[in-house]
Amino acid sequence: MRHLTRLTALAASLAFTLSALPANAGAVLERVLAAKTLKVATDANWAPQSFMNDKNELDGFDVDVAKDIGKRLGVSVEFVTPGWDIITAGNWSGRWDMHVGSMTPTKKRAEIFDFPGVYYYTPAAVAVHKDSKATTLADLNDKAVGTTATSTFEAYAKQDLTLDAAGAPAFKYEFKPKDVKSYSNSTTAFDDLRLGDGTRLDAVVSSLPSIIDAEKAGYPIKQLGDPVFYEPLAVATEHGDAEFDAKISEAVKAMQNDGTLSKLSVKWYGVDYTVVK
């Protein structure tokens, strides 16, 4: 009888928990609300978007955006830092719920991901060593260029970039490298570029904010020419939970409307990248 009482209490507790969830909650949203935790994948080494600060805590623009989304959902945020290639491959299998790491929504990626909220637009640019003799982007023809693997920067360097997301301006290829070297992130590419002009690399294609941040950190590099393309960047989720996507979209729109995104952009970049330039 005592065993039956415990089972009855357990059933009642489970029923109360389920009743507290929205009636139309999908699998991911239900898991997030039940655990009161939103698991977010991002990069641990891509300042100023996301990086480990002096307190050994994740910090940066993407990190602040994710935290604010969690706050608006009424849950805490837990970060995980898998590699970019692992994130973009899909098949997350519940290891994390969404990605906030400046992903460009493209038709190819849309085959496995939903993009419930574009939260800023950033220019992609080219960095060279400060001793580089290149004066125009065309001077990088037949040179060695570094990029992040499976990124839009890599696609641009390989002249295989398709920007089909809403709000993406037209662009053209300004140079054709002889060799495109892929790295786990932009920082490791900058590490090779800093060794000297042409030592391992002649240039790196990355986001302009990352290039500026690397310069501030003492890397002997500089921007070459104008930005090569502009891209909208979005929160990414896997297909399958429209209710979860709707909640994320609602949170991002609220952050746009109340000025939160603009304030965070100015905080981390000194510029409001949340509107199309």
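What the table shows:
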{"read-out": "Size of electric dipole in the stretch 40-102: Cβ of Lys, Arg +1 and of Asp, Glu -1, about Cα centre, debye, nearest 20", "value": "200"}
{"read-out": "Signed unit charges on C-beta, dipole axis of the chain, positive-most listed residue Phe79, Trp46, Leu261", "value": "Phe79"}
{"read-out": "Magnitude of the charge dipole, the chain, Cβ model with Lys/Arg +1 and Asp/Glu -1, debye to 20", "value": "480"}
{"read-out": "Extended-chain gain in nm, criterion 0.36 nm per residue less alpha-carbon gap, Lys176 and Thr136", "value": "13.1 nm"}
{"read-out": "Where His239, His99 fall by accessible area, highest first, once all protein chains stay in place (1.4 Å)", "value": "His239, His99"}
{"read-out": "The chain - accessible surface per residue (Å², probe 1.4 Å)", "value": "48"}
{"read-out": "Reachable lysines, given that their alpha-carbon falls under 25 Å from the alpha-carbon of Lys178 and they are not under 8 places away in the same chain", "value": "Lys130, Lys133, Lys143, Lys158, Lys222"}
{"read-out": "Percent carbon-and-sulfur accessible area, the chain, ignoring ligands, DNA and RNA, probe 1.4 Å", "value": "52"}
{"read-out": "Alpha-carbon Rg/Rh ratio, for the chain, with Rh computed the Kirkwood way", "value": "1.06"}
{"read-out": "Exposure of Arg31 as accessible area (Å², to 10), given a probe of 1.4 Å and all protein chains", "value": "100"}
{"read-out": "Selection of trypsin sites (Lys or Arg not before Pro), the stretch 167-250, meeting DSSP coil and at most 11 other Cβ within 10 Å", "value": "Lys172, Lys178"}
{"read-out": "Estimated FRET transfer efficiency (Ser262, Lys222; beta-carbon r; R0 25 Å; 0.05)", "value": "0.35"}
{"read-out": "Convex hull volume per residue in cubic angstrom - Cα atoms of the stretch 77-147", "value": "168"}
{"read-out": "For the stretch 86-94, Karplus couplings with θ = phi - 60° (6.51, -1.76, 1.60), whole Hz, Gly/Pro x", "value": "6, 4, 6, 6, x, 6, 5, 6, x"}
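The values are calculated or read from the model by the stated rules, or taken from the named source; none is laboratory data. Just so it is clear, the model here is predicted, and its values are computed rather than measured. Cβ: placed from backbone, ideal geometry, glycine included. Neighbour counts: every protein chain shown. Accessible surface is based on the protein model in full, side chains and every heavy atom, while ligands, DNA and RNA are left aside. Shrake-Rupley method; radii C 1.70, N 1.55, O 1.52, S 1.80 Å.
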